[in-house]
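These notes concern the structure reproduced below.
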Amino acid sequence: MTSVDGLREQVAAAPPQTSGQQARTPRSRWALRLIVRRLLILPPSLFILVTLSFGLIELIPGNPAVAIAGSGATHAEVQRISTQLGLDRPLAERYLDYLGDTVRGDLGKSYFSGQSVATELRHRMPATLELIVLGLALASGIGLGLGTLMAYRARGFAARLSNWLTSVLQSAPDFLLGLLLIYLVFFKLGWVPSPVGQLGLADESVAPKTGFMLVDTLLAGRAGLFASHVQHLVLPVVTLGLVYGAFMARLTESLLSKALRAPQVEFARACGLRERDVLRYAVLDVRGALLTYVAILFGTLIGGASILDRLFSWQGAGAWALDGILKLDAPVIQGFILAAGALTILAYLACDVASTLLDPRVRDDR
Amino acid sequence: MTVLLEASNLSVNIDTPRGDLHVVEDVSFSLGEGEILGVVGESGCGKSTTVRSLIGLLPRGGRVTGGSALFDGVDLFAQRPASLRAIRGDQIGFVAQNPFGLLNPVLPIAKQFRTLIRAHRGGLGKAECASMAREALLRTGIHEPDRVLHGYAHQLSGGMAQRVVIAMATILDPRLLISDEPTTALDVTIQRQVLELMRDVVRLGNRSMILVTHDLGVVAQFCDSVIVMYSGSVVESGKVAEVFTHPEHPYTRGLLASVPGGGRGETLPPGGPPARFEPARGCQFAPRCSRAETLCSVEPPPTVSSLGGDRRVRCHFVEIEEATHGAPAG
């Protein structure tokens with residue numbers, strides 16, 4: 001009877017309720033420390049990334065000077081272009097120059113177009129980001145919704161339907177789905193404008209401030225342009241949303257159906273919790289894992305969304321970088337790797353911070 | 001003693017790819033107010049399924065195929081999901097093994113208490129919920145409830161976690177507490193404390209408890225009555241004092257003899273309760289029973305109830321002995 005006896009003394013001796021605030025403060029401090037620690041990793045990781053890619057491009061056979069000069073060019077002409085691009089200098093010298101310039105924010109010029117790589121990236125990366133972030137947001141929404149349905153009502157009609165739907169969507173490559181959507185939604189139904197880029201052909205663009213068209217059009221107070229941009233966003237975002245939504249749905253389903261069989265869910269039911277709370281408990285359990293997958297998808301898409309870029313004439317970074325790779329346009333490749341790498345690392349950082357804030361188990365480990 | 005729970009002819013099937021698995025068959029028992037009933041048997045004998053079926057917590061594909069369970073005059077099996085949910089946690093509490101797994105890993109304990117309380121008592125404020133939780137934790141022997149309430153499951157020790165679980169299961173003052181191997185995952189030293197705690201919580205409020213366990217020592221020490229299950233059926237039941245001192249069923253005898261150091265007589269032969277895809281024909285224990293004869297594997301054993309009191313034994317031999325001697329054997 002140890003515990004039942006002495007109940008009154010214990011009530012009297014109960015400590016004042018200060019622990020709530022004590023528990024709050026370290027939470028934000030932990031997060032801050034984590035962010036700082038991760039940001040410190042950023043420069044060395046990028047340095048390694050740049051060095052590796054610099055060496056790799058050097059190893060690939062082929063000479064951009066030959067490509068620029070054209071097939072009919074003489075040896076002297078090629079030589080002249082090489083000198084002009086600085087390709088005849090020793091590797092170490094070029095590498096050190098490149099590092100110095102990069103630190104100053106100068107990423108060089110494209111061998112072919114002569115455009116500043118930094119400027120191009122400032123215009124193109126935001127366009128790509130807009131697409132990927134919105135696409136992934138849609139994918140997460142679709143995935144969480146359908147996945148929960150499939151896991152929770154595994155035997156229902158709606159669950160079977162979405163099971164079938166996600167199977168079809170998962171097996172379709174993104175460009176095929178994009179083409180289908182263009183055909184149906186633009187060509188047949190005419191619900192959206194033609195997929196010619198971020199704006200219509202007749203639209204007069206605004207001067208880029210942030211590079212994000214959604215923001216820039218609003219900042220310029222051009223409601224019509226904003227609407228036009230939103231309309232142009234629909235198809236590529238829906239394509240991304242459906243393809244990766246199907247993936248997220250599968251993932252959510254497998255994680256959640258396991259979580260729904262966990263003892264904590266049974267205990268929640270045994271305590272008579274409402275079904276929506278029971279489901280919430282299960283979703284909370286898989287939240288961190290889902291977040292990690294979104295971050296991984298983000299990294300993958302930043303580096304490889306070139307097909308949709310091209311399909312929708314998006315003027316994003318993906319197709320531009322692919323062009324650079326095919327032509328051995330070293331500054332373009334380097335710049336892209338640097339930007340995509342930095343963004344990916346930042347995305348993982350955000351994911352880490354979020355899961356630390358969301359999951360007390362992770363928090364206590366750190 | 002007023003009867004609180006009366007389960008009659010309870011049967012449960014689980015739908016598997018290989019067909020319907022008969023997990024519980026024709027199980028009857030009754031539980032009085034303030035009584036602690038032990039349910040014992042080897043793993044796989046259907047004891048967990050039996051108690052889970054009472055509150056509608058069967059595994060996927062499981063369903064009650066027959067019988068009734070009158071809880072305070074209400075048939076639990078006839079309830080709609082919503083009203084059964086309202087009974088769970090409020091009038092019937094449930095505790096299972098592995099306390100860490102039972103608590104949500106990412107929500108503060110206080111929030112879990114609040115969700116639970118509000119599921120049954122809508123409209124209660126945060127402060128009221130917190131003070132209820134604090135009281136419940138103190139009752140389960142947690143001296144610093146506020147620290148626990150603001151913490152998370154993984155910060156607790158096993159014994160503490162089980163105390164929190166018991167506090168949750170009993171916070172709304174349920175009349176019946178079902179505990180399914182509540183101490184299996186705990187250290188031996190903690191096991192006793194937790195069991196004593198549960199007994200005290202139950203006794204103090206004149207509540208009843210069903211205690212599922214494979215530990216006969218626990219039954220002997222904490223329970224008033226016991227039902228012994230084998231392969232989905234009750235083979236013997238009655239007051240603990242009688243069943244344990246004069247076991248009638250060969251399986252009960254074997255179980256008791258298998259207790260390390262405490263047993264005499266023949267221990268159980270190796271093996272376990274068989275999984276059945278068809279209703280039982282003869283006695284399920286026959287293949288492992290040293291006394292078994294042809295009759296046992298053909299004819300289902302009768303329930304002998306002439307031993308006095310609440311004693312029930314399902315065995316051909318007990319029936320025969322009863323008929324010959326006309327008095328309790330043993």
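Summary table below
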| read-out | value |
| --- | --- |
| Potential extension, A:Ala172-A:Ala227 segment - 0.36 nm per residue separation minus Cα distance | 16.8 nm |
| Spatial separation of Cα centroids for region B:66-122 and region B:228-253, in angstrom | 30 |
| Positive-pole candidate from A:Gly86, A:Val237, A:Val168, dipole of chain A, charges at beta carbon | A:Val168 |
| Area buried, chain A against chain B - accessible surface, total, 1.4 angstrom probe, square angstrom | 3600 |
| Test item: B:89-97 mean partner chain Cβ contacts at 10 Å | 3 |
| Dipole magnitude of the protein assembly as shown about its Cα centre (Cβ charges: Lys, Arg +1; Asp, Glu -1), debye to nearest 20 | 1320 |
| Mean separation of Cα contacts under 8 Å, 6 or more apart, over the residue count of chain A: relative contact order % | 25 |
| Probe 1.4 Å - accessible area at A:Tyr95, Å² to nearest ten | 50 |
| Cα-Cα separations in region B:249-324 greater than 14 Å, expressed as whole percent | 65 |
| With at most 16 neighbouring Cβ atoms within 10 Å, loop GluC sites (Glu not before Pro) (DSSP) excluded, longest segment of chain B | B:34-265 |
| Of every Cα-Cα pair in region B:100-173, the percent that sits beyond 17 Å | 33 |
| DSSP beta bridges in chain B [antiparallel fraction, %, rounded to 5] | 60 |
| Proximal lysines to B:Lys239, defined as alpha-carbon separation beneath 19 angstrom and excluding residues fewer than eight positions away on the same chain | B:Lys47 |
| Amide proton proximity set for B:Ser233, modelled H, under 5 Å, gap of 5+ | B:Glu25 |
| Percentage, to the nearest whole number, of Cα pairs in chain B over 34 Å apart | 26 |
| Alpha carbon centroid spacing (whole Å) that separates region B:1-43 from region A:164-240 | 61 |
| Amide N proximity, region A:218-245 versus A:Ala207 label position 7 Å along Cα-to-Cβ, cut-off under 20 Å | A:218-226 |
| Relative contact order of chain B, pairs being alpha-carbon contacts under 8 Å that are 6 or more residues apart, as % | 20 |
| A:His123, A:His75, ranked by accessible area, largest first (probe 1.4 Å) | A:His75, A:His123 |
| Sequence of A:Trp320, A:Trp314, A:Trp30 when ordered by accessible area, the most exposed leading, probe 1.4 angstrom | A:Trp30, A:Trp320, A:Trp314 |
| Cβ-derived FRET efficiency at R0 41 Å, A:Leu161 paired with B:Val3, nearest 0.05 | 0.25 |
| Gyration tensor verdict on region B:227-287 (Cα atoms; rounded if a/c is under 1.5, prolate if a/b is larger than b/c, oblate otherwise) | oblate |
| Aspartates and glutamates whose Cα lies under 12 Å from that of A:Lys109, excluding same-chain neighbours fewer than 8 positions away | A:Asp101, A:Glu120, A:Asp329 |
| Simple label model, 7 Å out from Cα along Cβ direction - A:Arg261 to B:Ser83, nm | 3.2 |
| Using θ = phi - 60° and Karplus 6.51 cos²θ - 1.76 cosθ + 1.60, couplings along region A:285-294 (whole Hz; Gly, Pro as x) | 5, 9, 3, x, 4, 4, 4, 4, 5, 4 |
| Centre separation in Å (Cα based) which lies between region B:136-168 and region B:271-330 | 45 |
| Region B:100-173: relative contact order in percent, alpha carbon pairs under 8 Å with at least 6 residues between | 44 |
| Peptide B:98-107 - average C-beta neighbours from other chains (10 Å radius) | 6 |
| Solvent-accessible area, 1.4 Å probe, carbon plus sulfur percent, for the protein assembly as shown | 59 |
| Cα extents of region B:1-151 along the three principal axes, largest first (Å) | 48, 40, 30 |
| Where region A:191-320 is the region considered: accessible area per residue in Å², 1.4 Å probe | 42 |
| Residue-span extension gain [A:Asp323 to A:Val36] - 0.36 nm each, minus C-alpha spacing | 99.7 nm |
| Choice from B:Gly205, B:Gly123, B:Gly141 with maximal GNM fluctuation in chain B (Cα, 10 Å cutoff) | B:Gly123 |
| FRET efficiency, 1/(1 + (r/R0)^6) with R0 30 Å, evaluated for B:Ser131 and B:Asn206 via beta carbons | 0.80 |
| Heavy-atom surface of region B:100-173, accessible at 1.4 Å and reported per residue (Å²) | 34 |
| Efficiency of FRET from Cβ geometry, B:Arg192 and A:Phe47, R₀ 41 Å, rounded to 0.05 | 0.10 |
| Along each principal axis, Cα extent of the protein assembly as shown, largest first, Å | 121, 63, 51 |
| Sparsely packed trypsin sites (Lys or Arg not before Pro) within region B:47-99, loop by DSSP, other Cβ within 10 Å at most 14 | B:Arg60 |
| Taking all pairs of distinct alpha-carbon atoms in chain A, Kirkwood radius in angstrom | 24.4 |
| Qualifying lysines (Cα of each under 26 Å from Cα of B:Lys126; at least 8 residues distant if same chain) | B:Lys111 |
| Peptides A:172-183, A:272-283 ordered by average Cβ neighbours within 10 Å, highest first | A:272-283, A:172-183 |
| Inter-chain Cβ neighbour average for residues B:159-170, partner chain, 10 Å | 1 |
| For region B:202-330, size of Cβ-based charge dipole, Lys and Arg +1, Asp and Glu -1, in debye | 340 |
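The values are calculated or read from the model by the stated rules, or taken from the named source; none is laboratory data. Worth saying up front: this structure is predicted, and the values here are computed from it rather than measured. Ideal geometry is used to build each Cβ from the backbone, glycine not excepted, and the neighbour counts take in all protein chains shown. Ligands, DNA and RNA are stripped out before the accessible areas are found, and what is left, the full protein with its side chains, is counted by its heavy atoms. Shrake-Rupley method; radii C 1.70, N 1.55, O 1.52, S 1.80 Å.
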